[in-house]
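First comes the structure, then the notes that go with it.
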Amino acid sequence: QVQLVESGGGLVQAGGSLRLSCAPSGSTLRIDTMGWYRQVPGKQREMVGTVTSGGNTNYADSVKGRFTISRDNVKNTVNLQMNSLKPEDTAVYYCNMYIRPTIWVPTTEYWGQGTQVTVSS
């Protein structure tokens, strides 16, 4: 059973930086798109950034120029470097991956458990 394990959340002052990391446990034959999403209470989960297996990236307009998503295809990790953080970036951040675990299991979407990022003003 594949699980996504996140790390790196926490409390930071406005203008500061944090780095989130996520790695899958279990069998991973192939990983397609990786991404980070975030959610605040009472609102829908929103895309922060995604990166395809070919390295193409996409960002939410609100984080462009401040956040950088990257992936390591050897370690199967996805990272989110967050700079110039603002109080409105406060949310629970979720890792997302499309993984084909084995040749007998089709590509499936997986989510991490979420990690809290709090930016104080």
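Applying the set (1) closer than 20 Å to THR57 by Cα; (2) modelled with pLDDT under 95 to LEU29 leaves exactly one unmet item: (1). Restricted to segment 1-74, the set of strands (runs of 3 or more DSSP E) holding at least 1 residues that are in contact (Cβ under 8 Å) with a residue 24 or more places away in the chain, touching a Pro at 6+ places or on another chain (Cβ under 6 Å) and surrounded by 12 or more Cβ atoms within 10 Å (Cβ to Cβ) comprises 3-7.
Of all residues in segment 3-27, which are under 16 Å from THR118 (Cα atoms) and aliphatic (A, V, I, L, M)? Across segment 3-27, the qualifying residues are LEU11, VAL12, ALA14, LEU18, LEU20. Considered as a group, the residues in segment 87-104 that are touching a residue at least 60 places away in the same chain (Cβ under 8 Å) and surrounded by fewer than 16 Cβ atoms within 10 Å (Cβ to Cβ) include one that is nearest to GLN44 (Cα to Cα), and that residue is PRO87.
Yes/no per residue for (1) farther than 21 Å from ILE99 by Cβ; (2) not charged (D, E, K, R):
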position	(1), (2)
GLU6	no, no
LEU18	yes, yes
THR28	no, yes
ILE31	no, yes
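The values are calculated or read from the model by the stated rules, or taken from the named source; none is laboratory data. This one's a predicted model, so the numbers in the text were calculated from it and none came from an experiment. A quick note on method: Cβ atoms are made from the backbone with ideal geometry, for glycine too, and the neighbour counts reach across all protein chains shown.
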